[in-house]
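Chemist: Before I ask anything, here is the structure I am working with.
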Amino acid sequence: MKTRLLTVAALLASTASAHAVGLDRSGQRIGILFEEGNRVELSFGYTDPDVTGQTFAAFGGAPIANVADSFSIWNLGLKYDLSDKLSLAIIADEPYGSDTLYPGSNFTTILGGTGATVDSQAITALARYKFNNSWSVHGGLRYQEVSANVTLGGLAFNSPATPFTPSGVNGYEGNFSSDGDWGYVIGAAYEIPAIALRVALTYNSGTTHSLPTSETIRGAVIAPPGTTSVDTPESINLDFQTGIAQNTLLFGNLRYARYSQTVVQPTGFFGATGNPLTDLEDGYDFEIGVGRRFSEKWSGSVAVGFSTVGEDNFVSPLSPTNGSRHIAVGAKYDVNENFSVSAGVRYTQLGDAVSSPGGRGVANFDGNSATSFGVKFAYQF
């Protein structure tokens, strides 16, 4: 059994990333650390979501056009063996992100102008030490930068006392400039190479960012420039694979992210409302699939998965979905002994949700989806 080919096939279903739990984009994958030999990988992904809704009859029953912008992600990894027992890897990725914007005027529509943009970049340096052919440990440091911009618009954010006037936090804008922090990664793995079995458990620490902050409501400054402390979630990844037949591999991944610790509470907004700007819940992502080598050149995979739903369907208008289910198909072509190209496509069915600013449901979002495409180039040396 050629485990190298099968392992690559197993990763194809994750080449194209789509909506997942919380703000996850890359899933903080470290699979390159377990590849054979010295290796460099470069991957790109593109996601085109379709998230539409309709306001409740009490708020006019108007349709809401697509509120989710398409986005792209990238990943770069380098792995090098210092010896038979010790390997190093460097991974650059975009772990978190968001691109949401409601169309329409904030003076005439329920949620027009509401949106959020979250950007992040991370570089992770890892080492893996093999005690023997079965047991190994891995860990390292991660440097991560995060920035964001949030706007709240529409009649839903008007003051309850004067619901159809431009008051309240309608027109709020918070700009959170980039800040970096260090975190760490630690884990262990168990393998049986003869049957391509590997179980790897990895813990990713959270990071704390002091984001330089400016806040306005309809252009008026509501708080002096300052900083907002934001914690990114700690998470645990459990990766599994095993051969189940000649040239055939079963694989899976379970990820838990503790998003309840990610609270954005800028001074001006909290002073005006008494509430934080965000309300995220802990969640799980799960995926299971099969990879198969068809020939010396071709491998493929298919996988299905889901992310957990929240306690109810009421969600922030900044992310009007609740859980998801997906199916992914991938293929890999070995150009030669050293160079390969992988590609994947993923269809995600996004869970139905009620957009609820301030805990009050104003619009229903159902029947939505996202389509993702990805490509990966790998060179072994």
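Chemist: How many residues, within the stretch 108-135, are assigned to a loop (DSSP other than H, G, I, E, B) and hydroxyl-bearing (Ser, Thr, Tyr)? First the steps, then the outcome.
Modeler: Step one: filter the stretch 108-135 for residues assigned to a loop (DSSP other than H, G, I, E, B), giving 108-114, 131-134.
Next, from what is left, pick out any that are hydroxyl-bearing (Ser, Thr, Tyr): 108-109, 114, 134.
Residues meeting the conditions: 4.
Chemist: So which residues in the stretch 306-315 are in contact with a Gly (Cβ under 8 Å, 6 or more places away or on another chain) and assigned to a strand (DSSP E or B)?
Modeler: Answer for the stretch 306-315, where residues must be in contact with a Gly (Cβ under 8 Å, 6 or more places away or on another chain) and assigned to a strand (DSSP E or B): 306, 307, 314.
Chemist: Could I ask something else about it? Just the residues that are of a type in the set (A, V, I, L, M, F, W, C) and either touching a residue at least 60 places away in the same chain (Cβ under 8 Å) or more than 24 Å from residue 285 (Cα to Cα) (or both), please, taken from the stretch 320-345.
Modeler: Answer for the stretch 320-345, where residues must be of a type in the set (A, V, I, L, M, F, W, C) and either touching a residue at least 60 places away in the same chain (Cβ under 8 Å) or more than 24 Å from residue 285 (Cα to Cα) (or both): 328, 329, 331, 335, 339, 341, 343, 345.
Chemist: Any chance you could count how many residues in the stretch 321-337 are within 15 Å of residue 299 (Cα to Cα) and part of a loop (DSSP other than H, G, I, E, B)?
Modeler: Result for the stretch 321-337: 3.
Chemist: Would you pick out the residues in the stretch 253-266 that are surrounded by fewer than 17 Cβ atoms within 10 Å (Cβ to Cβ) and not hydrophobic (A, V, I, L, M, F, W, C)?
Modeler: First pass over the stretch 253-266, keeping only residues surrounded by fewer than 17 Cβ atoms within 10 Å (Cβ to Cβ): 254, 260-261, 263, 265.
Within the stretch 253-266, 260, 261, 265 meet the criteria.
Chemist: Out of everything in the stretch 206-222 that is in contact (Cβ under 8 Å) with a residue 40 or more places away in the chain and under 30 Å from residue 24 (Cβ atoms), what residue ends up being farthest from the chain's Cα centre (by Cα)?
Modeler: 216
Chemist: Against the definition (of a type outside the set (Ser, Thr, Tyr), within 30 Å of residue 283 (Cβ to Cβ), part of a strand (DSSP E or B) and in contact with a His (Cβ under 7 Å, 6 or more places away or on another chain)), how does residue 199 come out, yes or no?
Modeler: no
Chemist: Collect the residues in the stretch 74-93 that are under 30 Å from residue 152 (Cα atoms) and either over 15 Å from the mean Cα position of the chain (by Cα) or crowded, with 20+ Cβ neighbours inside 10 Å (or both), keeping them in residue-number order.
Modeler: 93
Chemist: Only one of 250, 318, 277 is assigned to a strand (DSSP E or B) and either surrounded by fewer than 21 Cβ atoms within 10 Å (Cβ to Cβ) or at negative phi (or both). Can you tell me which?
Modeler: Answer to the check: 250.
Chemist: Any chance the stretch 141-156 includes a residue that's over 27 Å from residue 227 (Cα atoms), of a type in the set (A, V, I, L, M) and part of a strand (DSSP E or B)?
Modeler: The first filter runs over the stretch 141-156 and keeps only residues over 27 Å from residue 227 (Cα atoms), leaving 155-156.
Still in the running and of a type in the set (A, V, I, L, M): 155-156.
Next, only the ones that are part of a strand (DSSP E or B) stay: none.
No.
Chemist: Here's a follow-up. When you go through (1) assigned to a strand (DSSP E or B); (2) more than 25 Å from residue 50 (Cα to Cα) one by one for residue 284, which number turns out not to apply?
Modeler: (2)
Chemist: Give the residue that is modelled with the highest pLDDT, with candidates limited to residues of the stretch 64-90 that are closer than 19 Å to residue 23 by Cα, aliphatic (A, V, I, L, M) and assigned to a strand (DSSP E or B).
Modeler: By that ranking, first place goes to 68.
Chemist: Moving on. Across the stretch 188-204, what is the total count of residues that are buried (at least 17 other Cβ atoms within 10 Å of the Cβ) and in contact (Cβ under 8 Å) with a residue 60 or more places away in the chain? Break it down stepwise before answering.
Modeler: Restricting attention to the stretch 188-204, the residues satisfying the condition of being buried (at least 17 other Cβ atoms within 10 Å of the Cβ) are 189, 191, 196-198, 200, 202, 204.
Filter again for in contact (Cβ under 8 Å) with a residue 60 or more places away in the chain, leaving 189, 196, 198, 200, 202, 204.
Counting residues in the stretch 188-204 that are buried (at least 17 other Cβ atoms within 10 Å of the Cβ) and in contact (Cβ under 8 Å) with a residue 60 or more places away in the chain gives 6.
Chemist: So, in the stretch 70-107, of the ones that are among the β-branched types (Val, Ile, Thr) and in contact (Cβ under 8 Å) with a residue 40 or more places away in the chain, which residue ends up farthest from residue 48 (Cα to Cα)?
Modeler: If we take residues in the stretch 70-107 being among the β-branched types (Val, Ile, Thr) and in contact (Cβ under 8 Å) with a residue 40 or more places away in the chain, then 91 is farthest from residue 48 (Cα to Cα).
Chemist: May I ask you to list the residues in the stretch 280-315 that are of a type in the set (S, T, N, Q), crowded, with 21+ Cβ neighbours inside 10 Å and more than 21 Å from the chain's Cα centre (by Cα)?
Modeler: Passing the criteria: 299, 301.
For (1) in a strand (DSSP E or B); (2) modelled with pLDDT of 95 or more; (3) under 18 Å from residue 277 (Cβ atoms), each residue gets a yes or a no:
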position: 160; (1), (2), (3): no, no, no
position: 177; (1), (2), (3): yes, yes, yes
position: 183; (1), (2), (3): yes, yes, no
position: 189; (1), (2), (3): yes, yes, no
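Chemist: Which residue, of 117, 124, is closer than 17 Å to residue 35 by Cβ, of a type in the set (Ser, Thr, Tyr) and under 17 Å from the mean Cα position of the chain (by Cα)?
Modeler: Numbers: 117 fails: closer than 17 Å to residue 35 by Cβ.
Criteria check complete, one pass: 124.
Chemist: While we're here: Quick check: is even one residue across the stretch 294-304 assigned to a loop (DSSP other than H, G, I, E, B), of a type in the set (D, E, K, R) and in contact with a helix residue (DSSP H, G or I) (Cβ under 6 Å, 6 or more places away or on another chain)?
Modeler: We begin by selecting, within the stretch 294-304, every residue assigned to a loop (DSSP other than H, G, I, E, B); these are 294-297.
Cutting the leftovers down to of a type in the set (D, E, K, R) gives us 296-297.
Restricting the remaining residues to those that are in contact with a helix residue (DSSP H, G or I) (Cβ under 6 Å, 6 or more places away or on another chain) gives none.
Among the residues of the stretch 294-304, not one is assigned to a loop (DSSP other than H, G, I, E, B), of a type in the set (D, E, K, R) and in contact with a helix residue (DSSP H, G or I) (Cβ under 6 Å, 6 or more places away or on another chain), which makes the answer no.
Chemist: Given the criterion outside any loop (DSSP other than H, G, I, E, B) and surrounded by fewer than 15 Cβ atoms within 10 Å (Cβ to Cβ), identify the matching residue among 236, 244, 222.
Modeler: After applying the criteria, what remains is 244.
Chemist: Output the residue which, of all residues in the stretch 233-277 that are hydrophobic (A, V, I, L, M, F, W, C) and touching a residue at least 60 places away in the same chain (Cβ under 8 Å), is nearest to residue 190 (Cα to Cα).
Modeler: 251
The values are calculated or read from the model by the stated rules, or taken from the named source; none is laboratory data. On a predicted model such as this, the values are computed, not experimentally measured, just so you know. Neighbour counts are summed over all protein chains in view; Cβ atoms, including those assigned to glycine, are modelled from backbone coordinates with ideal geometry.
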